[in-house]
Amino acid sequence: MKTIKVLVFFTVTAVFSAAADWESYQLIDRLLTLPGPGAPVVFEDSVIFTASSGLRRAGVAFAHEDFSKVYWFRQLMVPQDPLGAPIPHGRKVPDPYKDSGILFYVHQIPQNIRELEYRLVINGLWTTDPANPITRKDPVSGLLWSVLAVPPRTPTPDILGGQSGTLSFSFRGPPGETVTVAGSFNGWDPFMYELRESPAGVYTLNLPLPPGRYQYAFFHRGQRYVDPHNPRRVYSTDGNTVSEIVIP
């Protein structure tokens, strides 16, 4: 089981250790507000599945994929109190992280899905979701699976939807902050291009660029984030996951 460690600074800034660049600030923040394992949560264009970390293993599979693939949950770890007593000389330094009690998996909802039909695999056994009372019986196999209604989603910003030869960057975060974008178009300088906030919490920038292939990432509170509205991800030359776009 893969473990994800979360670092929290001043109770509001959070990043995934070794994974901060693959999800949005909003998703990380939402995960941190989960009170514990429970029913699946629809967040933006994704669903957050959770289970107790006391389980040996938990996974989920979907009807729209004919249950052909199981996506395994990961353990969410949070930091221990950094203000504890000093460690005496010779004593073992304790693990700086503690179990949040949550296993989780984040699944992006396909565009044409209005109901998400799924089954869980808990400790090696197939089952419906015990935290979701809505189920449906397959008329062919007779098996029960869980059903989650997907609410209408807001249109996804189109990075190429602006003027010809222009990238339209969009980032959502707390209001009154500084958000920048950097990429192969400016030597990865994280200070050159700052997004403007309007309305509150929505940061945008239109950047004219000649045709070509570009890699980029957002920078917020010293952390790097890929573009949640752009599904294309690649590795940069320094090994980080970044977003990629082609201007025709």
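The values are calculated or read from the model by the stated rules, or taken from the named source; none is laboratory data. From a predicted model like this one, the values you see are computed outputs, not experimental measurements. The area values use the complete protein model at the heavy-atom level, side chains included, leaving out ligands, DNA and RNA. Shrake-Rupley method; radii C 1.70, N 1.55, O 1.52, S 1.80 Å.
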Checklist line | Compactness of segment 171-248 - radius of gyration and Dmax, Cα, Å | finding: 12.2, 35
Checklist line | Exposure rank, largest accessible area first [E244, E117; 1.4 Å] | finding: E117, E244
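Report, in cubic angstrom per residue, the convex hull volume of the C-alpha atoms of segment 116-224.
Residue-normalised Cα hull volume stands at 223 Å³.
What fraction, in whole percent, of alpha-carbon pairs in segment 103-178 exceed 15 Å separation? Don't jump to the answer; show the numbers that get you there.
On the way: 2059 of 2850 pairs.
Result: 72 percent of Cα pairs exceed 15 Å.
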Notebook entry, point to check: Averaged over all directions, how much area does the convex hull of the C-alpha atoms of segment 30-75 cover when projected, in nm²?
Noted result: 3.8 nm²
